[in-house]
Amino acid sequence: MTVNGTAYEHEVEPRLLLVDYLRRVVGLTGTNVGCDSSSCGACTVLVDGESVKACTMLAVQARGRSVTTIEGLGSLGALHPVQAAFQDHHGLQCGFCTPGMVLAAVSLLAENPHPTEEEVRLGLEGNLCRCTGYQNIVKAVLAAARPAEVTA
Amino acid sequence: MSTIDELPASTGVVGTRLKRREDPALLTGEARFVDDLDVAGALHVAIVRSPYAHARIRAVDLSIAAELPGVVAAFSGADLRDEWAGPMPTAWVVTPDMRNPTHLPVAVDTACYAGDAVAVVVGESAFAAKDAADAVVVDYEPLPAVIDLEAALSDRVLVHEELGTNVSYTWELTPDPEGVERAFASAVHHVKERFIQQRLLPSPMEPRGVCVVPQPYGGDVTVYSATQVPHILKIMVGLTLGIPEHSIRVIAPSVGGGFGAKLDVYAEELLCTALARRLGRPVRWTEERSEGAQATIHGRGQIQDIELAADADGRITAVRARIMADMGAYLQLITAGIPLLGAFVYHGSYDVPLYSFHCTGVFTTKTPTDAYRGAGRPEATYAIERAMDALARKVGVDPAEVRHRNFIKADQFPYTSAAGLTFDSGDYDTALERALELANYPDLRLEQQARRERNDPVQLGIGLSSYVEMCGLAPSRVLASLNYTAGGWESATVRVLPTGKVQVVTGTSPHGQGHETSWSMIVADKLGVSPDDVQVLHSDTAISPHGLDTYGSRSLSVGGTALWLATDKVIAKARTIAAHLLEAAEDDLDFAGGAFSVRGTPTASLPLAAVAFEAFTAHNLPDGVEPTLEASMTWDPPNFVFPFGTHVAVVEIDTDTGATRLRRYVAVDDCGNQVNPLIVEGQIHGGIVQGIAQALFEEAVYDPDGNLVTTTLADYLVPSAAEFPGFTLDHTVTPSPTNPMGVKGIGEAGTIAATPAVMNAVVDALSPYGIRDIDMPASPWRVWQAVQAARATGGAR
């Protein structure tokens with residue numbers, strides 16, 4: 001599989017989840033594990049551009065696919081616009097849900113570049129955050145969609 | 001209103017919405033949580049937990065597990081018995097006769113809740129350890145469970161036979177018992193309500209995790225833990241394992257939320273430390289969510305009986321609260337004290353002359369309870385704010401009016417409460433008025449009336465919650481009077497490095513609160529440097545040796561104040577050096593914009609960086625002045641701080657389906673002066689959602705056999721973005737006079753305020769049906785049942 005543009009080839013146990021493959025085998029720990037029941041969305045990554053909870057997919061199912069993790073989105077010095085919007089609007093506190101939340105937002109905006117507030121809230125329903133009360137996450141996603149219209 | 005009071009010597013950084021410096025690393029996956037640490041050769045622990053709420057452990061057979069591939073070792077509780085120099089720590093012995101059962105990290109004879117650890121497997125990988133844990137055979141003799149608090153009080157089933165009772169303690173605060181009796185005897189209105197505080201799972205998004213690395217030389221050990229309290233953990237690891245404290249280093253790397261759940265010392269932290277030392281290899285454990293539902297503390301869990309005595313106008317003459325608090329099976333770090341953090345605020349923000357509080361701590365065969373966001377104050381606030389609405393109904397006045405009539409007035413501060421605390425400052429009426437204005441309260445009441453008149457299936461409910469809470473834990477002498485084992489001070493060091501850059505060391509331990517940003521703002525403001533030039537170090541006991549960590553909305557008012565005062569000391573020392581270099585009297589120097597200048601001689605000036613370099617070279621220091629520019633301060637607050645405000649919740653309830661929709665939420669909070677309003681608002685948003693979650697969504701449910709049935713996030717309903725509207729926030733500013741920045745805590749206020757606001761709204765919506773209470777969470781099922789029952793007995797429609 002390709003992860004963040006780099007091709008990887010490993011022999012893995014059939015039961016290995018994609019998230020464990022990314023974290024343990026490839027060594028990309030930005031993708032977090034928050035639950036065991038595909039409920040929290042902390043492990044959200046993009047597979048061929050679409051958001052997927054990486055705990056719902058086996059590593060072997062991602063064979064030949066292109067995976068983007070948070071490490072592949074922007075970098076410390078050059079944040080992706082969605083990452084920058086999260087910082088601008090205080091869309092994160094502890095930051096544990098953040099990589100998954102950001103990637104879910106990227107996927108949401110790819111499908112619907114100009115969502116309403118309600119569409120953002122519904123679109124992020126699969127990603128839980130315990131710190132922010134979601135208000136600033138929603139604001140950040142709307143700002144990323146319409147940078148000129150939303151101010152802090 | 002809505003402005004920040006100008007702080008002294010401000011360069012304008014404090015009070016601004018500075019973006020957080022913590023964010024880029026968290027946004028890019030660069031940040032490292034415990035489970036992200038790459039530790040070569042680390043072994044993985046899997047824990048065998050009791051499937052029974054109560055069971056004698058007859059035998060533990062590890063033979064099959066020990067032979068499985070990748071297994072390094074396996075232990076029963078008995079095998080590990082000698083590792084413990086002491087039992088699991090309890091830091092709060094609330095009464096001298098408090099009963100505290102022996103609690104070991106791995107149970108030896110009896111498991112006392114479903115999830116109690118009974119055996120341990122250590123493997124080369126997490127998979128190997130978990131597979132082998134499934135192969136451990138434990139012979140249990142099931143014992144009866146006791147789940148219900150009142151059943152536990154009967155002592156028919158004992159959780160700990162050796163104690164002879166399920167009562168851990170009783171604690172009372174009734175300064176004038178006869179006065180309270182008289183007040184109730186002569187009351188015109190007597191409100192008597194029972195409320196249930198359901199158990200909650202704190203559920204930080206990062207599960208707990210620990211990784212312990214024995215250092216090869218000298219026997220030192222480094223404990224990485226997803227904890228709020230690295231400093232407390234270090235002491236407790238030393239005491240519990242009999243390790244010299246100075247050979248233990250605790251590091252809390254990035255920590256993904258805590259909410260009180262990580263304000264504890266857990267079996268797994270002690271266990272991994274013991275195993276790492278015993279096996280001579282790094283040992284790690286990361287909690288699974290469903291495991292954590294049982295093995296991480298729960299919050300709340302109380303039955304509250306509250307009574308108000310009031311005169312004909314609804315002015316309260318006495319408050320009496322009697323609570324039963326569910327300890328769970330054992331006392332964790334501060335389990336017993338949590339209800340007592342509410343003991344002083346059951347009278348809420350009201351001028352109540354007579355007061356009585358009584359608490360019974362009760363053991364049950366359930367996961368131990370402990371601090372969860374607000375810790376005692378949300379429970380107290382819920383009880384009084386629900387009771388205030390009941391009083392308003394009795395008196396026949398608007399809930400806002402009954403609050404106005406009873407508020408402690410702005411000119412009464414400092415106000416000494418009947419419970420014995422001195423409230424620092426407040427203006428409760430103004431916050432309530434502002435909240436009503438923002439909510440368009442009169443219009444809402446009109447709409448509500450119209451819906452009631454036309455029997456609209458969707459009814460409108462409006463709920464108020466006017467809260468005050470005590471936070472900024474805590475004055476050490478007050479803690480002493482409550483028999484808490486430690487103090488409540490906080491420590492800070494400020495050092496100006498030779499090149500003029502600034503390093504700050506704090507004893508607070510942030511896990512989402514943005515201390516690095518806020519602390520840099522405080523110091524930058526005072527020193528006249530850029531916040532970018534101020535580094536903030538924390539959460540590593542080797543770097544920050546003194547500290548009492550982060551909980552109880554204490555970090556800014558206690559830790560921030562320590563920092564403020566340490567910076568003052570640095571400036572004072574720099575002034576001495578600058579005066580010497582400028583050949584001027586210290587009193588003639590102005591310090592502004594990061595430079596000392598001689599008053600009246602503007603050309604004679606010296607930047608702080610130059611002073612720092614002189615302090616470093618020590619070539620030309622005044623006699624008796626030590627080299628380097630650094631100062632430390634430990635601040636013990638003289639009092640708690642008392643943030644307050646009013647929240648308004650507006651709900652629509654579909655009476656045909658029982659569904660509650662939160663339509664509007666207005667919050668007006670006052671936390672005194674604000675260092676970074678962006679962060680303050682974030683704390684309030686998050687707090688509100690956790691408070692609403694208790695009202696409408698979350699409950700840790702046990703079946704009659706003591707099995708926790710809500711062990712996943714599919715069963716335990718941590719709400720998503722889709723459940724909420726945007727919240728409307730405003731604030732008033734009433735500085736606290738008890739610290740130089742005039743600040744109060746804000747981490748828990750939202751949670752404290754929100755639960756009663758929403759439940760008052762739910763009950764308000766359903767009041768035409770004669771419904772006066774709904775147990776939390778007010779799920780569609782519960783609301784629908786209540787409406788059906790009311791309709792069957794002739795309630796509205």
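The table for this structure:
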{"item": "Single residue of the range A:118-135 satisfying the filter (part of a helix (DSSP H, G or I) and more than 7 Å from chain B (Cβ to nearest Cβ)) that is nearest to the chain's Cα centre (by Cα)", "result": "A:G123"}
{"item": "Any hit, the range B:298-313, residues being at pLDDT 95 or above, basic (K, R) and either buried (at least 23 other Cβ atoms within 10 Å of the Cβ) or assigned to a loop (DSSP other than H, G, I, E, B) (or both)", "result": "yes"}
{"item": "Inter-residue pairs, beta-carbon under 9 Å, first more than 20 Å from B:V122 (Cβ to Cβ) and in contact (Cβ under 8 Å) with a residue 60 or more places away in the chain and in the range B:282-299, second open to solvent by 20 Å² or more (accessible area, probe 1.4 Å) and part of a strand (DSSP E or B), 6+ apart", "result": "B:Q294/B:R49"}
{"item": "Hits in the range A:9-34 - residues which are open to solvent by less than 50 Å² (accessible area, probe 1.4 Å), of a type in the set (A, V, I, L, M, F, W, C), closer than 19 Å to B:L37 by Cα and assigned to a loop (DSSP other than H, G, I, E, B)", "result": "A:L28"}
{"item": "Given (1) closer than 23 Å to B:G472 by Cα; (2) open to solvent by 50 Å² or more (accessible area, probe 1.4 Å), index of the condition B:A792 fails", "result": "(1)"}
{"item": "Matching residues, the range B:596-623, being hydrophobic (A, V, I, L, M, F, W, C), in a strand (DSSP E or B) and over 46 Å from the mean Cα position of the chain (by Cα)", "result": "B:V598, B:A604"}
{"item": "Among the residues listed as A:D36, A:D48, the single one being within 8 Å of chain B (Cβ to nearest Cβ) and either under 23 Å from A:C131 (Cα atoms) or in contact with a Ser or Thr (Cβ under 6 Å, 6 or more places away or on another chain) (or both)", "result": "A:D36"}
{"item": "From B:V120, B:V108, B:V94, residue being touching a Ser or Thr at 6+ places or on another chain (Cβ under 9 Å) and not in a loop (DSSP other than H, G, I, E, B)", "result": "B:V120"}
{"item": "Subset tally (residues that are open to solvent by less than 10 Å² (accessible area, probe 1.4 Å) and more than 17 Å from B:P737 (Cβ to Cβ)) for the range B:401-418", "result": "4"}
{"item": "Residue selected from the range B:657-674 under the condition more than 20 Å from the chain's Cα centre (by Cα) and part of a loop (DSSP other than H, G, I, E, B), by the criterion nearest to the other protein chains (Cβ to nearest Cβ)", "result": "B:A659"}
{"item": "Criterion: under 29 Å from the mean Cα position of the chain (by Cα) and either outside any loop (DSSP other than H, G, I, E, B) or among the charged types (D, E, K, R) (or both) - qualifying residue of B:R99, B:R56", "result": "B:R99"}
{"item": "Subset of the range A:73-83 (residues that are in contact with a His (Cβ under 8 Å, 6 or more places away or on another chain) and more than 7 Å from chain B (Cβ to nearest Cβ))", "result": "A:L73"}
{"item": "Subset of the range A:1-33 [away from chain B (no Cβ under 12 Å) and hydroxyl-bearing (S, T, Y)]", "result": "A:T2, A:T6, A:Y8, A:Y21"}
{"item": "Residues satisfying the stated conditions in the range B:718-776, i.e. small (G, A, S), open to solvent by 10 Å² or more (accessible area, probe 1.4 Å), within 26 Å of B:D429 (Cβ to Cβ) and within 13 Å of chain A (Cβ to nearest Cβ)", "result": "B:G747"}
{"item": "A:T98 vs. criteria within 10 Å of chain B (Cβ to nearest Cβ), within 13 Å of the chain's Cα centre (by Cα), at negative phi and in contact (Cβ under 8 Å) with a residue 12 or more places away in the chain", "result": "yes"}
{"item": "Test: B:F413 is farther than 27 Å from B:V94 by Cα and in contact (Cβ under 8 Å) with a residue 12 or more places away in the chain", "result": "yes"}
{"item": "Some residue of the range A:84-92 being at positive phi, open to solvent by less than 20 Å² (accessible area, probe 1.4 Å) and either outside any helix (DSSP H, G or I) or facing chain B (nearest Cβ under 8 Å) (or both)", "result": "yes"}
{"item": "Some residue of the range B:690-699 being open to solvent by less than 10 Å² (accessible area, probe 1.4 Å), within 14 Å of chain A (Cβ to nearest Cβ), part of a helix (DSSP H, G or I) and closer than 30 Å to B:W489 by Cα", "result": "yes"}
{"item": "All positions within the range B:26-59 that are away from chain A (no Cβ under 14 Å), open to solvent by 40 Å² or more (accessible area, probe 1.4 Å) and either without any contact (Cβ under 8 Å) to a residue 12 or more places away in the chain or more than 18 Å from B:E287 (Cβ to Cβ) (or both)", "result": "B:G41, B:Y52, B:R56, B:R58, B:A59"}
{"item": "Residue within the range B:255-274 that is open to solvent by 10 Å² or more (accessible area, probe 1.4 Å), touching a helix residue (DSSP H, G or I) at 6+ places or on another chain (Cβ under 8 Å) and within 14 Å of chain A (Cβ to nearest Cβ) present", "result": "yes"}
{"item": "Search result, residues across the range B:353-383 that are farther than 12 Å from B:A325 by Cα and surrounded by fewer than 24 Cβ atoms within 10 Å (Cβ to Cβ)", "result": "B:P353, B:L354"}
{"item": "When residues of the range A:105-117 are limited to those that are part of a helix (DSSP H, G or I) and open to solvent by less than 10 Å² (accessible area, probe 1.4 Å), the one nearest to the other protein chains (Cβ to nearest Cβ)", "result": "A:A105"}
{"item": "Test set (1) over 26 Å from B:P51 (Cβ atoms); (2) touching a Lys or Arg at 6+ places or on another chain (Cβ under 8 Å); (3) open to solvent by 10 Å² or more (accessible area, probe 1.4 Å) - B:P175 fails condition number", "result": "(2)"}
{"item": "Pairs, first within 20 Å of B:G396 (Cα to Cα) in the range B:306-331, second polar (S, T, N, Q) and assigned to a strand (DSSP E or B), C-beta under 7 Å, six or more apart", "result": "B:A309/B:T317; B:A310/B:T317; B:D311/B:T317"}
{"item": "Residues (open to solvent by 70 Å² or more (accessible area, probe 1.4 Å) and in contact with a strand residue (DSSP E or B) (Cβ under 9 Å, 6 or more places away or on another chain)) located in the range B:614-635", "result": "B:F616, B:T628, B:E630, B:T634"}
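Per-residue answers, yes or no, for (1) modelled with pLDDT under 95; (2) acidic (D, E); (3) under 27 Å from B:P253 (Cβ atoms); (4) touching a strand residue (DSSP E or B) at 6+ places or on another chain (Cβ under 7 Å):
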residue	(1), (2), (3), (4)
A:C43	no, no, yes, yes
A:V47	no, no, no, yes
A:T56	no, no, no, no
A:V60	no, no, no, no
A:H80	no, no, yes, no
A:A110	no, no, no, no
A:G123	no, no, no, no
A:R130	no, no, yes, no
A:Q135	no, no, no, no
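The values are calculated or read from the model by the stated rules, or taken from the named source; none is laboratory data. Keep in mind the model is a prediction, meaning the values are calculated, not measured. Ideal geometry is used to build each Cβ from the backbone, glycine not excepted, and the neighbour counts take in all protein chains shown. Heads up: the accessible areas ignore ligands, DNA and RNA and are worked out on the full protein's heavy atoms, side chains in. Shrake-Rupley method; radii C 1.70, N 1.55, O 1.52, S 1.80 Å.
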